[in-house]
1. Where only protein heavy atoms count, and the probe is 1.4 Å, what is the accessible area per residue for the range 1-114 in Å²?
2. Quick one: which residues, 5 or more positions from GLY31 or on another chain, have an amide H under 5 Å from its amide H? H modelled 1.01 Å from N in the peptide plane, none for Pro or chain starts.
3. Excluding SER39 itself, what net charge comes from residues whose Cβ is under 9 Å from its Cβ, given Lys and Arg +1 and Asp and Glu -1?
4. Could you pull the accessible area for MET132 with a 1.4 Å probe, rounded to 10 Å²?
5. State to the nearest 20 debye the size of the charge dipole of the range 1-158 about its Cα centre, where the only charges are +1 on K and R beta carbons and -1 on D and E beta carbons.
6. Can you list the lysines whose alpha carbon is less than 28 Å from that of LYS163, not counting same-chain residues fewer than 8 positions off?
7. Which of rounded, prolate or oblate describes the range 29-87 when judged by the alpha-carbon gyration tensor and an a/c cut-off of 1.5?
8. Using a 1.4 angstrom probe on the protein heavy atoms only, could you order PHE135, PHE80 from most to least accessible area?
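The values are calculated or read from the model by the stated rules, or taken from the named source; none is laboratory data. Predicted model only: the values in this text are computed from it and were never measured. No Cβ is skipped: glycine too gets one built from the backbone with ideal geometry, and neighbour counts run over all protein chains shown. Just so you know, the surface numbers come from the protein's heavy atoms only, side chains and all, with ligands and any DNA or RNA stripped out. Shrake-Rupley method; radii C 1.70, N 1.55, O 1.52, S 1.80 Å.
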Amino acid sequence: MKSRKEIDAMSHQLEALLPSDVSKVAFLCIGTDRSTGDSLGPLVGRYLKRRGIPNVIGTLHDPCHAQNLQECTDLFNGMFVVAIDACLGKSTSIGDIRLKNGPLKPGAGVGKDLPPVGDIHFKGIVNVGGFMEYFVLQNTRLALVDDMATAIGRAICGAIRRKKLSIMAEVACGLERR
């Protein structure tokens, strides 16, 4: 599990990348509940939905995956999209969560040719890549993926909360000046 300090740092990094109007932010949580390693996105989506975050696509009950990715992305026309997906990497990077500016290339680790998605993205390194990727994803520890999803969810909720408070403070200060 990521420490509170690590989650706060990730949350502040996200806050700096988000537009000021968070009502125009959407979360595209990519993955499937049929593969433990690939369930990171849907677990994050469930976490966000349970906390009342709007504009979330991709949960355990209604996942966004390779077969419906285009249909899911069409729902966010004109919105600022934060994409979230699992990936494979080096053994020394397992458990790392990376937040990057720019689109995510879903399915790249398993050889799928899918269109890039998102304005910014989270990638969670859930296991080792390079050999038998589908088997590796199927045999990834759920506890690790769940802990990573919780950390991402907390970081997102914190960033959204601070953005909303900042807007409310700006409005309040503007009203006081009148």
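1. Per residue, the range 1-114 has an accessible area of 52 Å².
2. CYS64, HIS65
3. -2
4. Counting only protein heavy atoms, the figure is 100 Å².
5. 380
6. LYS2, LYS5, LYS24, LYS49, LYS100, LYS105, LYS123
7. Oblate shape, in that a/c is at least 1.5 and b/c is the bigger or equal ratio.
8. Correct descending sequence by accessible area is PHE135, PHE80.
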